[in-house]
1. Only one of (1) of a type outside the set (Lys, Arg); (2) more than 25 Å from VAL282 (Cβ to Cβ); (3) in a loop (DSSP other than H, G, I, E, B); (4) touching a strand residue (DSSP E or B) at 6+ places or on another chain (Cβ under 8 Å) fails for THR316. Which number is that?
2. Are any residues in segment 265-287 charged (D, E, K, R), at pLDDT 90 or above and out of contact with any Ser or Thr (no Cβ under 8 Å at 6 or more places or on another chain), and if so, which ones?
3. Among the residues that make up segment 216-232, is at least one of them closer than 25 Å to ALA37 by Cα, out of contact with any Leu (no Cβ under 6 Å at 6 or more places or on another chain) and free of Cβ contacts under 8 Å to residues at least 12 places away in the same chain?
4. Evaluate the following for GLU185: is it modelled with pLDDT of 90 or more and surrounded by 13 or more Cβ atoms within 10 Å (Cβ to Cβ)?
5. Restricting attention to segment 142-174, which residues are among the hydrophobic types (A, V, I, L, M, F, W, C) and either under 19 Å from ASP275 (Cβ atoms) or within 19 Å of the chain's Cα centre (by Cα) (or both)?
6. Which one is modelled with the lowest pLDDT, of the residues in segment 340-369 that are surrounded by 12 or more Cβ atoms within 10 Å (Cβ to Cβ) and aliphatic (A, V, I, L, M)?
7. Residues ARG290, ARG242, ARG213: which one is in a strand (DSSP E or B) and at pLDDT 95 or above?
8. Considering every residue within segment 336-357, establish whether at least one is more than 39 Å from the chain's Cα centre (by Cα) and either of a type in the set (S, T, N, Q) or assigned to a loop (DSSP other than H, G, I, E, B) (or both).
Amino acid sequence: MAEEPRREWFEKDYYAVLGVPKNASDSEIKKAYRKLAQQHHPDTKQGAADAEDRFKEISAAYDVLGDPEKRKAYDQVREMSGSGFGPGFGRGGSGWPGGATGTGGSPGGVRYEQVNADDLSDLFGGLFGGAGRTRGRRTAAAGRRGADLETEVTISFDEAMSGTTVPIRIDGPAVCSRCHGSGAEPGTTPVTCPQCGGSGEVAENQGFFSMSRPCPRCGGAGRIVESPCTKCGGSGAERRTRTLQVKIPAGVRNGAKIRLAGKGEPGVAGGAPGDLYVKIAVNPHPVFGRRGDDLTLDLPISFPEATLGANVEVPTMNGPVTLKVPAGTPSGKTFRMKGRGAPKKGGRGDLLAKVKVDVPEKVSKEEKELLGKLRDVSKESPRKRLGVN
């Protein structure tokens, strides 16, 4: 169901609260929120009188702009507000359409003598899911989901091929170890807010329809902590260092992200925790490269091996194997060795061995004499196809 418009949507510029432009991307909004939330979290600004209010304001802005559907509705409400649709709309004020009775001018010269609740329901229905009528009591507030976190670990190429488990340390907000996130002192529990009945919102009559706003008593949480936890002050979160074990699957690629569900920042007012994304950086290997699920290798061979053919040893991630190089193999030819690549679902990729004829920098006297004889008996120049000798 679409989000019902709230009075503060007309009054609050959430983009200004987060310090981002109206055309900011989702990632820019998330980055701005995380930075501000960390700066103004009550745990990091203990003693600051306005820290909690500022944190709530930032969280409220992200609650709307961080949700694509809410953001779309909010942008349309703000656009209508700038065109004369405001919080006073429906009271017979200057905003078009006018009040419930009487005659008022409208754009294009059309005159409206009466606007009823059904008209408003049609007007807002497509945007807010029928917000033109006062709805029944909402279900209890579910709290706000915690922010996602991201970190990075570096592993070796061999570890990426075989899989590994690595420890990571996360320093930041975590579920309070004393109250386990409830915000209430152990032995007590939060109680349902008597003013909003646990919905976290109260309705405000706007004439033809009512608009909701956060409950002033519980701040939108839907519950009240009568005996706050002595460790977290009722927030349900504390700042501490956590050590987590991350299992990295065999065949993981450089830049891949592993999601650890529920290991991000704790939720607010009983909301679910966010997720932790671990970005994998794989160090390069001195011998092997990678192309998708295939591994690559430059394989040096001698001139006699290329000319006469030979069986040569080729290194793989599971030990050396023998490759038959046919006689007359040119430098640069690539041999595909099945099943010798990176692990993947249902098997392994291939190893692509590219042969390169190796030219020695130094040769012995005997080798020099033999090479000289070979040169003298060679009957065809390799440059013949170029039209020269």
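The values are calculated or read from the model by the stated rules, or taken from the named source; none is laboratory data. Keep in mind the model is a prediction, meaning the values are calculated, not measured. Backbone-built Cβ (ideal geometry, glycine too); neighbour counts: all protein chains shown.
1. (2)
2. Initially, segment 265-287 is screened for residues charged (D, E, K, R), giving 265, 275, 279.
With the extra rule that they be at pLDDT 90 or above, the set shrinks to 275, 279.
Residue satisfying the conditions is ASP275 alone.
3. Scanning segment 216-232, I find no residue that is closer than 25 Å to ALA37 by Cα, out of contact with any Leu (no Cβ under 6 Å at 6 or more places or on another chain) and free of Cβ contacts under 8 Å to residues at least 12 places away in the same chain, so the answer is no.
4. Working: modelled with pLDDT of 90 or more: yes; surrounded by 13 or more Cβ atoms within 10 Å (Cβ to Cβ): yes.
Yes; evaluated as a whole, the condition is true for this residue.
5. Result: ALA142, ALA147, LEU149, VAL153, VAL166, ILE168, ILE170, ALA174.
6. The initial filter retains those residues of segment 340-369 that are surrounded by 12 or more Cβ atoms within 10 Å (Cβ to Cβ), namely 340-344, 348-358, 363.
Those still in the list that are aliphatic (A, V, I, L, M) too: 342, 351-353, 355, 357, 363.
Values: ALA342: 96, LEU351: 97, LEU352: 97, ALA353: 97, VAL355: 95, VAL357: 93, VAL363: 87.
Among them, the one singled out is VAL363.
7. Numbers: ARG242 fails: at pLDDT 95 or above; ARG213 fails: at pLDDT 95 or above.
Matching residue, one of ARG290, ARG242, ARG213: ARG290.
8. Within segment 336-357, the first condition is being more than 39 Å from the chain's Cα centre (by Cα), and the residues that meet it are 355-357.
So of that shortlist, the ones also either of a type in the set (S, T, N, Q) or assigned to a loop (DSSP other than H, G, I, E, B) (or both) come out as none.
No, because not a single residue in segment 336-357 is more than 39 Å from the chain's Cα centre (by Cα) and either of a type in the set (S, T, N, Q) or assigned to a loop (DSSP other than H, G, I, E, B) (or both).
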